[in-house]
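Notes to accompany the following structure.
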Amino acid sequence: QKITKVYIVACGSSYHAALLAKYAIEHWARVAAEVDIASEFRYRDPVLDPAALAVGVSQSGESLDTLLALREARRRGARVLAVTNVVDSSIAREADAALYTRAGPEICVAATKTLLAQIVALELFALTLAQVRGTRSAEEIGHIIDSLHRLPEMIEDVLSREKEVDQVAEALAGARDFFYLGRNVGYPVALEGALKLKELSYLHAEGYPAGELKHGPIALIEPGTVVVGIATRNPLWEKFQSNIAEVKSRGATVVLVANDGDEETARQADAVLWVPETEYLFAPIVDVVPLQMFAYSLARLHGHDVDRPRNLAK
Ligand code: M6R
């Protein structure tokens with residue numbers, strides 16, 4: 001109830017879940033949240049308020065950088081919360097409290113279901129903060145929780161669209177460069193989509209906040225570049241449409257993740273990955289699934305072992 005700031009540290013996909021937590025904590029609970037890559041935080045001489053909470057997000061609960069970042073935060077006076085999938089892992093044991101995602105063992109190297117569970121756990125935590133601090137009414141929280149209950153059905157629905165995702169992947173099997181773009185909560189989804197493609201397909205993929213395009217990366221957009229845009233409804237949906245128009249006019253092939261029935265978005269796309277619409281802060285939990293499927297499909301088309309990507313270990 002009394003914390004003044006939340007510092008979240010994590011690596012890889014867990015870092016992307018952490019970025020989404022920042023949107024939820026600040027929007028719902030009105031507490032400032034900062035997110036750091038754990039391997040940067042632990043060496044950057046951070047200033048921590050004694051009433052701060054440090055949150056470590058780690059599927060395995062064993063990533064050394066995250067563990068040591070949390071130790072550093074504790075040494076500087078913060079209380080520590082672990083969000084992990086593994087009961088009694090090192091990070092959970094050292095924390096003051098642990099929030100377990102209990103998604104079942106993540107057997108392949110690429111994080112998939114555990115990422116969705118991390119986002120849910122962190123957003124529930126944000127809602128709990130909102131509740132105890134009184135920044136959202138019980139009624140509003142009740143409506144949000146109702147949307148949360150509908151997510152499993154929506155994800156089942158997205159999973160059933162595998163053939164459509166495969167068709168898009170087949171059409172792009174020859175492409176070498178992919179830009180994943182998003183804004184607001186679509187931005188961490190873009191980072192995650194790009195990471196999944198890199199680690200499974202070994203293709204060049206960049207994740208960017210679309211508003212940054214004009215500050216440099218747009219120079220790389222040319223005919224043949226594939227842009228994958230997270231174009232589902234969020235507060236910056238309209239601005240994102242203009243960003244897509246910019247890459248389209250430079251000849252990019254555009255694949256958009258769009259809400260079912262959103263023909264306006266579909267008109268800008270060469271291909272659409274359709275998803276059901278939900279509360280915008282939950283949208284990443286649904287939107288990331290076709291991107292996981294897309295990376296899986298492209299990796300298989302390129303003949304790679306999706307469970308054991310090269311150079312990576314769990
Ligand atoms: O177990 P952790 O969540 O701490 O692992 C962090 C990263 O190593 C992990 O998310 C990695 O990026 C995955 N291979 C992503 O699919």
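List, in order, the whole-Hz ³J(HN,Hα) value for each residue of region 217-230 obtained from phi through the Karplus relation with A = 6.51, B = -1.76, C = 1.60 and θ = phi - 60°; use x for Gly and Pro.
Residue by residue, region 217-230 yields x, 4, 4, 8, 7, 8, x, x, 6, 9, 10, 9, x, 8 Hz.
Round to the nearest 10 and report in Å² the accessible area of residue 160, as given by a 1.4 Å probe over the protein chains' heavy atoms.
The accessible area comes out at roughly 90 Å².
Using label points projected 7 Å from each Cα along Cα→Cβ, tell me how many nm separate residue 62 and residue 163, to one decimal.
The two pseudo-label positions are separated by 4.1 nm.
Express in nm, to one decimal, how much length is gained between residue 177 and residue 149 on full extension, taking 0.36 nm for each residue of separation and deducting their alpha carbon distance.
Extra length from residue 177 to residue 149 when fully extended: 6.4 nm.
Please identify the chymotrypsin sites (Phe, Trp or Tyr not before Pro) of region 1-58 that satisfy two criteria: DSSP loop assignment and at most 13 other Cβ atoms within 10 Å. Which are they?
Passing both the DSSP loop test and the Cβ count: 43.
Give me the three principal axis extents of region 193-313 from the C-alpha atoms, as integers in angstrom, largest value leading.
Projected onto the principal axes, the Cα atoms of region 193-313 cover 39, 34, 22 Å.
List the DSSP H helices in the chain whose Cα atoms stretch 24 Å or more along the helix axis and whose mean Kyte-Doolittle hydropathy is at least -0.5.
113-133, 138-159, 283-301
Roughly speaking, what % of Cα-Cα pairs in the chain are separated by over 28 Å, rounded to a whole number?
39 percent
What residues have an amide H closer than 5 Å to that of residue 33, excluding those fewer than 5 places away on the same chain, when H is modeled at 1.01 Å from N in the peptide plane?
It is 6, by chain and number.
Can you give the calculated 222 nm mean residue ellipticity of the chain, where each DSSP H run of n ≥ 4 adds -39,500 (n - 2.57) and the sum is split over every residue, rounded to the nearest 500 deg cm²/dmol?
Helix contribution divided over all residues of the chain: -14000 deg cm²/dmol.
For the residue pair residue 264 and residue 139, what label-to-label distance in nm results when each label sits 7 Å from Cα along the Cα-to-beta-carbon direction?
2.9 nm
Between residue 11 and residues 5 or more places away or on another chain, which pairs have amide H atoms under 5 Å apart, with H built 1.01 Å from N, and which residues are they?
The list, which skips near neighbours in sequence, is 38.
The values are calculated or read from the model by the stated rules, or taken from the named source; none is laboratory data. None of the values given here were measured: they were computed from a predicted structure. Don't worry about glycine lacking a Cβ; one is built from the backbone with ideal geometry, like all the others, and counts go over all protein chains shown. Each accessible area value is taken on the protein alone, full model and side chains, heavy atoms only, with ligands, DNA and RNA left out. Shrake-Rupley method; radii C 1.70, N 1.55, O 1.52, S 1.80 Å.
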